[in-house]
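Below: the structure, in structure tokens.
The values are calculated or read from the model by the stated rules, or taken from the named source; none is laboratory data. Just so you know, these numbers come straight off a predicted model, no measurement behind them. In this analysis, Cβ positions are derived from the backbone assuming ideal geometry, glycine residues included, and neighbour counts consider all displayed protein chains. Accessible surface areas use protein heavy atoms only, side chains included; no ligands, DNA or RNA. Shrake-Rupley method; radii C 1.70, N 1.55, O 1.52, S 1.80 Å.
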Amino acid sequence: MSLEAEAEAGSGGSALFSGFRALGLYSGPLAHVLRFHRRHREFYLVTAVGRSFHTYNVKKLGIVAVSNALPEDITCLAADRMLVFASCGSLLYAFARNKEVVHTYKGHKADVHLVLPFGDHVISVDSDNVLIIWDIQSEEEYLQLNFDKSVFAVSAVMHPSTYLNKILLGSEQGSLQLWNIKSNKLLYTFPGWGGGVTVLQQAPAVDVVAVGLVSGHIIVHNIKFDEMLMKFQQDWGPITAISFRTDGHPVMAAGSPVGHIGLWDLEEKKLLGQMRDAHSTAISGLSFVQGEPLLITNGSDNAIRVWIFDGPGGTGRLLKYRMGHSAPPTKIRYHGQNGQQILSAGQDSTLQSFSTVHERFNKSLGRGSINKKKSKKKGLQYDTMALPPITTFASEVARQSDWDGIIACHQGYVTCTTWNFQKTSMGIHKLKPKDFSKNKPLGVYATAVDITSCGNFAVIGLTTGQVDIYNMQSGIHRGHYGKEKAHESSIRGVAVDGLNQLTITAGSEGLIKFWKFRTTDLVHCTNLFASPSKMLLHRDSLVDCFLVDSAPVSITMSPTGDFLASCHVDDLGIYLWSNRSLYSLVSLRPLPADYEPSVVTLPGTSPTQDVAVTEEEETSYEMVEYDSPEQLEEALVTLSTLPESRWKNLLNLDVIKQKNKPKEPPKVPKSAPFFIPTIPGLVPRYASIEHEKDGQQSKIVDLGVLAQKSEFHMKLEEALENGDYKSPISILKDLGPSNIETELRGLSSDGGGSIEVMQSFLRMIEAMLNTKRDFELAQAYLALFLKVNACYDKFASDSL
């Protein structure tokens, strides 16, 4: 996410949510790139996903880096030992450390669709048939070649191994050209084989190149002698990718547009095996890992798969994979109460679970099927038993360890299916009303589902207006709402409250009805101004609004409140938005009626961090701290903000002191330590040597010295003249209970005070009561004053 987009999201887009990251995006229609890190001694896989690319380690297929986003979607991807090259429109970018752009190459006038790193140079070809060779470091053009589209439209480019300064170009017309880029000369033209070239791949043997054609033919050709060594044909359409094993087995793999992979034995010159349905869409790229029996494939079905060839027959088995939806999601919901799993149903008819913690916790619950056994036998492409995509679902974790905890309804299908999250598979029940068990009605299908919080019952709404209850454990029908129908039109939403007391249903006629869950009696009915499309029961309010580039299809809030998840039209990813109120102050004021939200950019795969917003970018939606006035209104009594420990126990200080009194007096040590003599008084001062020598020291205590006036005592005397009692009140607020008692005992004449000071204290209490502020403090101070000066009760009553 760019800094500008993040700042916009932080200031004007949304006061509550900020883009965090995207889930479920792994691969696109571009071929992957395989790199080897010499220092790490490890292979890395690079795939393009939208405007950025992801880097995975092959060992665990874990994501290690996400690049910064480009302005538009990546159109071509390549890499050498140091840099990753990605084209975007007519520009070519070089990335360092799999993250940041370090070079930009400008010169093309059309979109770049072919890129080839070539030593200290990089070659790019655009759709106008212009080939430019760039110096990587200086970003300058080294050479430019223009080809006539009608004669030689460049469709593939490669560097033959050991051929110094030479590149081999393939064309849509079928011919090949060998060029020396240093001397800018055409060395040789290969006439071709009557079909357009789609792939050029270097074989392990020098001078040998595999050529893939639009017709489905694969030509293994010796370019040194212009001699065809062998020819194969696949009936699945054009060749999309080619790779050779380098672990001692002479095997070539070729991809197809239908997701099948053909394995060819180069010694026997025959088909070794087929890997059918390796991907549900076209094979974008395939690569054998150098010196290992591993094949890496990716496709436009948003999947990366690693196959291992360790069994008989020469075909591979699936070892590891990363997979998202191959078609946009239709419904997402958080599963469980920890906010770590998001269930997602897609237009590809699959139900998947994506982890917000780490990708290794992702699960695929598979596709819905009428008959699982028949579906497995027929395969993915020819499966006539597959159910249509899931339109909506509900889940509950309360009893998922005992029976199925997910209920789903399918597009245009009256039967609802159950799913098991722990077994990651479709469940055992298919729920539909008895009336439709024999006859298949036309135009009747399930539209809304919900599961009770206990996990025992499912509520299903149909287009006919029926709302039925089923037992999740047995699948038995347990009742329905209304005499025959709950609504006279299609059901748009059903929900059950957390205590299984009420069932809420919404119909397309604009009515919302409230039913008793157990007795199915109608309690209340509300008429809406418009026909509802969906209904969601949520106990909290959300007080925010923001706009995105693509229309949202489904949203869900985490049970822990930390993330909002959304999926959008024609988008394979699931996007997380972090809740700012959990880590910063957010003003949750109601939005005005004329509020117009601004556009917020969707987050990328890498987690984004908040960017500091300058004063110019700040808007009125930033947090405004509320300063409470000292007195809300003159007629109201206001309490202080002091803790109860400062005033509640003032009357019980003698009891507390008695409890805290030590059982035994402190024992004098055998050899008393050296004490520095002090002068009597409240303020401790050390006696000088001359003072000790001046005769014998009197043992009579001078009360005049001890009776020094405290600050509180002096402020009360000043208040007698000016009538301002704010200072003595503030002094008492800062004191602890013991100090407050000492100050009040010092107001009497026995403690060094006077009748006038005691009168001033009572006037201070009167001022507190008149202003109606610090009401509990005034009561506590007055009670303690009357307790410690009990002999002055008559004086106190006269003064008040």
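Details
- Rounded, prolate or oblate (a/c below 1.5 giving rounded, otherwise prolate when a/b exceeds b/c) for the range 486-547 by Cα gyration tensor: oblate
- Listed candidates (1) 34.0; (2) 29.1; (3) 27.7 - label of the one calculated as Kirkwood radius over Cα pairs in Å: (1)
- Judged by the mean number of other Cβ atoms found within 10 Å, the most tightly packed of the peptides 637-649, 63-75, 720-732, 386-398 leads the ranking 386-398, 63-75, 720-732, 637-649.
- Surface calculation, 1.4 Å probe, protein heavy atoms: Tyr188 sits at approximately 90 Å² accessible.
- For Trp193, the accessible surface of its heavy atoms amounts to roughly 70 Å² (probe 1.4 Å, protein chains only, rounded to the nearest 10).
- Accessible area (Å², per residue) of the chain, counting only protein heavy atoms and a probe of 1.4 Å: 52 Å²
- Note on surface exposure: Cys409, Cys545 rank Cys545, Cys409 by accessible area, highest first, 1.4 Å probe.
- Nearest-20 debye value, the chain charge dipole, Cβ charges on Lys, Arg, Asp, Glu: 4500 debye
- Modelled spin labels at Ile308 and Gln173, positioned 7 Å past Cα toward Cβ, are 4.9 nm from each other.
- Here Glu776 sits with roughly 20 square angstrom of accessible surface, probe radius 1.4 Å.
- Cβ-placed point charges (K, R +1; D, E -1), dipole of the range 227-386 about Cα centre in debye, nearest 20: 900 debye
- Cα-Cα over 28 Å, subset of Lys715/Lys787; Lys648/Lys772; Lys667/Lys787; Lys231/Lys320; Lys430/Lys483: Lys667/Lys787; Lys231/Lys320
- Selection of trypsin sites (Lys or Arg not before Pro), the range 396-453, meeting DSSP coil and at most 16 other Cβ within 10 Å: Arg399, Lys423, Lys438
- Listed residue (Gly170, Gly237, Asn362) projecting farthest to the positive dipole end of the chain, Cβ model: Gly237
- Accessible-area composition of the range 108-175, carbon plus sulfur, in percent [1.4 Å probe]: 46 percent
- On Cα atoms only, tilt of 711-722 relative to the major axis of the chain in degrees: 70 degrees
- Percent accessible area from carbon and sulfur atoms, the range 218-261, protein chains only, probe 1.4 Å: 51 percent
- The listed residues Arg518, Arg322, Arg360, once ranked by accessible area (1.4 Å probe) with the largest placed first, stand as Arg518, Arg360, Arg322.
- Over the range 268-348, relative contact order from alpha-carbon pairs under 8 Å, at least 6 apart, %: 20 percent
- Value of [θ]222 nm, deg cm²/dmol, for the chain, DSSP H segments ≥ 4, -39500 (n - 2.57) each, nearest 500: -3500 deg cm²/dmol
- Translational diffusion of the range 62-149, µm² s⁻¹ [Kirkwood Rh, Cα pairs; Stokes-Einstein; 25 °C; 0.890 mPa s]: 188 µm²/s
- Radius 12 Å from Cβ of Thr55, net charge of other residues (Lys, Arg +1; Asp, Glu -1): +2
- Pairs exceeding 26 Å between alpha-carbon atoms, taken from Lys106/Lys166; Lys99/Lys182; Lys59/Lys270: Lys99/Lys182; Lys59/Lys270.
- Between Glu633 and Ala530, residue separation times 0.36 nm minus the direct Cα-Cα distance comes to 32.6 nm.
- The Cα atoms of the range 411-547 give a gyration tensor whose axes a ≥ b ≥ c have a/c under 1.5, which makes the shape rounded.
- Degrees, to the nearest 10: 755-771 long Cα axis against longest axis of the chain: 40 degrees
- The slack between Asp594 and Ser364, meaning 0.36 nm per residue of separation minus the straight C-alpha distance, is 78.5 nm.
- Take each peptide in 484-497, 129-142, count the other Cβ atoms within 10 Å of every residue, and average; sorted highest first, the result is 484-497, 129-142.
- Ranked order, Met714, Met426, Met82, Met385 - accessible area, probe 1.4 Å, largest first: Met82, Met714, Met385, Met426
- Between the Cα long axis of helix 775-788 and the first principal axis of the chain there is an angle of about 40°, rounded to the nearest 10.
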